[in-house]
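**Student:** Would you mind keeping the following structure in view while I ask a few things?
What follows draws every value from the coordinates through simple rules; no lab data is involved. This is a predicted model, so every value here is computed, not measured. Ideal geometry is used to build each Cβ from the backbone, glycine not excepted, and the neighbour counts take in all protein chains shown.
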Amino acid sequence: MKIMHICLASSYTEGMAYQDNLLPDQNAVDGHEVLVASDCTRFENGVLTTTPPEDKLLPNGIRLVRLPFDFIFTTFISDKIRKTKLLKPLIYEFYPDVILFHGLCAWELLTVAQYKQEHPKVRFYTDSHGDFGNSAKNFLSKNILHRIYYRLILRKAYPQIDKIFLINLENEDFIKQMYGLPSHKMEYISPGGFIPNDDDWSFARQKIRGKLGLSPNDVLFVHSGKLDRLKRTEELLRAFSSVKDSSFHLVIIGSIPNDMQKILLPLIEADGRIQYLGWKLADELIEYLCACDLYVQPGSQSATMNTAMCCKAPVMLQPRKNHQPFLNGNGWFVESEDDIARVFAEISGNPQILKQMSENSTKIVCEILDFKKIAARLYD
């Protein structure tokens, strides 16, 4: 089977652990021919950068083609319109059986809809990453881009779309309000994650804990991402430092925006139990997640939470609708800095609680986060 992933709104970056990476990877493992069509942006050390157009074969056999957007008035407008005349001939050349368009915000949905109309046996899927927490954040974006431009495109392409996969539970409300689409084609599909086997998990855990000089009784917390204010890293650091437990260790992985460096770096430097390691690609990040005893994400969403659970880690999460499926005896919901401190104090008094929570994370992963099961839904 030929499967095409179109990532014109997601800055496909080799080596990351997002759905745009892991789902094509699983398709390739399952024996399918896979093509990823991306825009010409990628993340380097956590910073979005422009990359030249390219057409290359990745080590796992996936073909990656980066397509420049057509220039329309300005680069800013071109990046929002997301139109490229090079996509249509690429689709017709590859002749896919399945197309998954990642994101609902691009002119090129119309190109895929036209192809589907001409080739009705093709399965045309889209997924939605947008909700009111990460999209339509200002007047122009909400009322011009989403409620007019993207809405018109989606409503025209909609008859040809077979399914809209919802990446989180808040997507449905956003799609209904912004684009006026009914829900009968919508289907929840967890972002999933990479699941190491037991031997790889044990090896990575011992490797990283040895590298950090941790004893078996030490408790390792990991926090990661693009550490802006919404990640609530500042509150996390203050809460962690308020609990004086010498067995506690906190590793921070990710990028710190310029406006947050003067706030976060002094807090990190003030506590010898905290280490900031900078940006890590997926393989190394996964090793740290295997080594940790609790993944702490008290702020905005991150796909790393799913990967952490796949690495048997319990989780600390913000209480929101999107997180409800992922917490069932395997961690804590926290709303305030005091809540975070209370969790650290509870663990300090009874660190053994994390072992059972780890087992519960593994149970949830088997039910809803296994990428083998997620990928199989594209083949039905």
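**Student:** Under 10 Å, Cα contacts only: if you run a Gaussian network model on the chain, which one of Gln19, Gln324, Gln301 comes out with the highest mean-square fluctuation?
**Tutor:** Gln324
**Student:** Separate question: Quickly rank 229-236, 269-276, 75-82 as a protection proxy: mean count of other C-beta atoms within 10 Å, highest first.
**Tutor:** 229-236, 75-82, 269-276
**Student:** I've got another one for you. Mind listing the phi-derived Karplus ³J(HN,Hα) values for the stretch 70-77, rounded to whole Hz, using 6.51, -1.76 and 1.60 with θ = phi - 60°, and x for any glycine or proline?
**Tutor:** 4, 7, 10, 6, 9, 4, 4, 5
**Student:** Among DSSP beta bridges whose residues both lie in the chain, state the antiparallel percentage, nearest 5.
**Tutor:** Of all bridge pairs located within the chain, approximately 15 percent are antiparallel.
**Student:** Consider all pairwise Cα distances in the stretch 234-306 and report the whole-number % of them above 13 Å.
**Tutor:** Counting every Cα pair in the stretch 234-306, those more than 13 Å apart make up 70 percent.
**Student:** In addition: Kindly provide log₁₀ I(q)/I(0) values, in the same order as q = 0.19 Å⁻¹, from the Debye equation applied to equal alpha-carbon scatterers of the stretch 2-189.
**Tutor:** Relative scattering, expressed as log10 I(q)/I(0), comes to -1.51.
**Student:** If you split all Cα-Cα distances of the stretch 96-238 into 5 Å bins from zero, what percentages do you get per bin, shortest first?
**Tutor:** Pair shares across the bins are 2, 8, 14, 15, 13, 11, 9, 8, 8, 7, 4, 1, 0.
**Student:** Further question: Can you tell me which of 97-105, 248-256, 45-53, 328-336 comes out highest on packing, and rank the rest after it, using the mean Cβ neighbours within 10 Å?
**Tutor:** Final packing ranking: 97-105, 248-256, 328-336, 45-53.
**Student:** Which whole-number percent of Cα pairs in the chain have a distance greater than 33 Å?
**Tutor:** 32
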